[in-house]
């Protein structure tokens, strides 16, 4: 630590809360991402960062500087996450529960299931691993992607912690062992088992994945056409943008749809004002989540004037077609994405792309 930091640590040990806040707040962003990877939930990650800071404040008098303050905070955060995970079921997406649904089925949302949640790119500070082993590179490429978050849910909590610390953050085995109060041999063994499990649960094309980047111009064009069609409730245009085997999910609704025809039937029932399942008219704002282009959708329900938060939808686009959409129907997420609480009803309709 720098001399200035030493002074802040000394002041914090003496009970100076403002000095403590300066010390820990600089690590909030990376600790939030770390807790998110451990838990698969943005809301839980926020809570666990606060729990980490509370534990750190209670223990700062005993911090002797044998490790860096950052490593000390990671130790507290990891153990707080392990405590939170004790006895919890893994987080899921709808397609992990059952096969595709029939759009004619009437299914209620399931709030009793621990769903995976998205993470705003604006709060993501990616970290590169120190090692360049093939397995480590494989994991590091998409460690904020939903596919990785879903795969890591299959790991027992301590294996999950070892994989994140070693392959994502690039910590050496001895430092990881110290953090977890474990032996180096047990950490290395846990890492090998975790890597094997991850390989078994990642998508088949995982080796083709590239680091998250800004959308290409082709992807931007598809996004523009999609949001314009969404705002016009234009099913014909949407049909032309969907891949034949497209998959769509919307937690907390447990059903999901596979194939263009099923997706269009589901959209028609919610977009057509003459049908009983009509939701309303939509407006959208662009955003990004988990390294993917995303759309924040707002809905104006029948009889209402303004557009209210509806869902954060992540899109996967290949060869000019939408291959997957995961829409998280959780209006509370809009605050995390720094999105407006509503859109006024006077907004003009979207122009065709």
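The values are calculated or read from the model by the stated rules, or taken from the named source; none is laboratory data. Nothing here was measured: the structure is a model prediction, and the numbers come from that model. Note: ideal-geometry Cβ built from the backbone for every residue, glycine included; neighbour counts use all protein chains shown.
For the range 7-44, give me the residue count where each residue is touching a residue at least 40 places away in the same chain (Cβ under 8 Å) and part of a helix (DSSP H, G or I).
The total comes to 21.
Are any residues in the range 42-56 surrounded by fewer than 21 Cβ atoms within 10 Å (Cβ to Cβ) and more than 14 Å from residue 80 (Cα to Cα), and if so, which ones?
Matches in the range 42-56: 43 only.
Is it the case, given these coordinates, that residue 352 is at pLDDT 95 or above and either more than 19 Å from residue 41 (Cα to Cα) or outside the structural domain of residue 223 (by TED's automatic domain parsing) (or both)? Please lay out each step first, then the result.
Working: at pLDDT 95 or above: no; either more than 19 Å from residue 41 (Cα to Cα) or outside the structural domain of residue 223 (by TED's automatic domain parsing) (or both): yes.
Against the criterion (at pLDDT 95 or above and either more than 19 Å from residue 41 (Cα to Cα) or outside the structural domain of residue 223 (by TED's automatic domain parsing) (or both)), residue 352 does not qualify.
Residue by residue through the range 155-171, note down the ones that are outside any helix (DSSP H, G or I) and modelled with pLDDT under 95.
Answer for the range 155-171, where residues must be outside any helix (DSSP H, G or I) and modelled with pLDDT under 95: 169, 170, 171.
Considering the range 57-89 alone, what residues qualify as being surrounded by fewer than 15 Cβ atoms within 10 Å (Cβ to Cβ) and not in a helix (DSSP H, G or I)?
Matches in the range 57-89: 64, 65, 66, 68, 86, 87, 88, 89.
On the given criteria, is residue 112 assigned to a helix (DSSP H, G or I) and either under 20 Å from the mean Cα position of the chain (by Cα) or closer than 27 Å to residue 338 by Cα (or both)? Reasoning before the result, please.
Numbers: assigned to a helix (DSSP H, G or I): no; either under 20 Å from the mean Cα position of the chain (by Cα) or closer than 27 Å to residue 338 by Cα (or both): yes.
So residue 112 does not fit the description; no.
So which of 165, 149, 202, 179 is over 21 Å from the mean Cα position of the chain (by Cα) and crowded, with 20+ Cβ neighbours inside 10 Å?
After applying the criteria, what remains is 179.
Need pairs with beta-carbon distance below 8 Å; first residue within 20 Å of residue 15 (Cα to Cα) and within the range 63-78, second in a loop (DSSP other than H, G, I, E, B) and at pLDDT below 90; sequence gap 6+ or separate chains.
If the second residue must be in a loop (DSSP other than H, G, I, E, B) and at pLDDT below 90, the pairs left are 65/1; 68/1; 69/1.
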